[in-house]
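Undergrad: First the structure, then my questions, so here it is.
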């Protein structure tokens, strides 16, 4: 694992400990049993959210992110996200924290700067590169949700779906199509299926929802 805290079961990895931890993974003293117990407990309620570092043109995008954040906190789900303080990422993390929810940020060393990294997230995992960052987020996730975003959000979303297609994981993947922002993406996927580049089973790996209540109902059914 590149992701989990070291030391005693239940110990969370602070931002100040992150760099030391990731250079100590090869140590024979690494508490792999403690790590696996802690990881299993965290993953059961953890939702990994992919979303943008910008808020977008419409207030609806931030409003919807805040609505989803309130659900995460009230339902006791851990938010796993990209660790940023700006855009939809920042709105989501701010909302969960304001509602006394639990947040795990996963960020790379080159992004771990005061103007980008969320100062309010105590459990911040600082990774060496984007590959480790995504591996960590995937390792912690019981379920994936993509909110509005840009290239990075789409890349993370499609990697999660591709890994599911390859049977590398069975973690459910959801797309929140706020205000129809992903209508074009959905049309491309439907065309790929029509042209037989995607089978029906593969096309159904991505669950699309128009609003937060629909998404919440699905999450509750999957994580019940």
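Undergrad: If you take the residues of segment 172-201 that are in contact with a helix residue (DSSP H, G or I) (Cβ under 7 Å, 6 or more places away or on another chain) and in contact (Cβ under 8 Å) with a residue 40 or more places away in the chain, which of them is surrounded by the fewest Cβ atoms within 10 Å (Cβ to Cβ)?
TA: Among residues in segment 172-201 that are in contact with a helix residue (DSSP H, G or I) (Cβ under 7 Å, 6 or more places away or on another chain) and in contact (Cβ under 8 Å) with a residue 40 or more places away in the chain, the one surrounded by the fewest Cβ atoms within 10 Å (Cβ to Cβ) is 179.
Undergrad: Sticking with this structure for a sec: In segment 124-142, how many are surrounded by fewer than 21 Cβ atoms within 10 Å (Cβ to Cβ) and not in a helix (DSSP H, G or I)?
TA: 3
Undergrad: Are any residues in segment 95-123 assigned to a strand (DSSP E or B) and buried (at least 23 other Cβ atoms within 10 Å of the Cβ), and if so, which ones? Talk me through it step by step, then tell me what you get.
TA: Pass one, segment 95-123, residues assigned to a strand (DSSP E or B): 103-108, 117, 123.
Scanning segment 95-123 gives 103, 104, 105, 106, 107.
Undergrad: Kindly provide the set of residues from segment 134-162 that are modelled with pLDDT of 95 or more and more than 26 Å from residue 67 (Cα to Cα), ordered by number.
TA: Correct list: 162 only.
Undergrad: I've got another one for you. Kindly state which helices (runs of 4 or more DSSP H) lie completely within segment 1-94 and contain at least 1 residues that are at pLDDT below 50, surrounded by fewer than 19 Cβ atoms within 10 Å (Cβ to Cβ) and out of contact with any strand residue (DSSP E or B) (no Cβ under 6 Å at 6 or more places or on another chain).
TA: Working: elements: 15-22, 32-43, 59-75.
Correct list: 15-22, 32-43.
Undergrad: Give the residues of segment 84-104 that are out of contact with any helix residue (DSSP H, G or I) (no Cβ under 7 Å at 6 or more places or on another chain) and closer than 16 Å to residue 47 by Cβ, sorted by residue number.
TA: 89, 93, 97, 102
Undergrad: Looking for something within 26 Å of residue 74 (Cβ to Cβ) and in a loop (DSSP other than H, G, I, E, B) - is there at least one such residue anywhere in segment 210-222? Before you say what the answer is, go through the steps one by one.
TA: Filtering segment 210-222 down to residues within 26 Å of residue 74 (Cβ to Cβ) leaves 210-222.
Cutting the leftovers down to in a loop (DSSP other than H, G, I, E, B) gives us 210-211.
Yes, some residue in segment 210-222 is within 26 Å of residue 74 (Cβ to Cβ) and in a loop (DSSP other than H, G, I, E, B).
Undergrad: Taking the stated definitions as given, is residue 149 within 23 Å of residue 84 (Cα to Cα), in contact (Cβ under 8 Å) with a residue 40 or more places away in the chain and assigned to a loop (DSSP other than H, G, I, E, B)? Lay out the reasoning, then the answer.
TA: Working: within 23 Å of residue 84 (Cα to Cα): yes; in contact (Cβ under 8 Å) with a residue 40 or more places away in the chain: yes; assigned to a loop (DSSP other than H, G, I, E, B): yes.
Judged against the criteria, residue 149 is a match.
Undergrad: Now, a different point. If I ask for residues that are touching a residue at least 60 places away in the same chain (Cβ under 8 Å) and surrounded by fewer than 16 Cβ atoms within 10 Å (Cβ to Cβ), which ones from segment 202-224 would you list? Outline the logic, then answer.
TA: Here is the first cut: in segment 202-224, the ones touching a residue at least 60 places away in the same chain (Cβ under 8 Å) are 211-212, 215-216, 219-220, 222-223.
Selection gives 211, 220, 222, 223.
The values are calculated or read from the model by the stated rules, or taken from the named source; none is laboratory data. Values in this document were obtained by computation on a predicted structure and should not be read as measured data. As a convention, Cβ positions derive from the backbone with ideal geometry for all residues, glycine included, and neighbour counts pool all protein chains shown.
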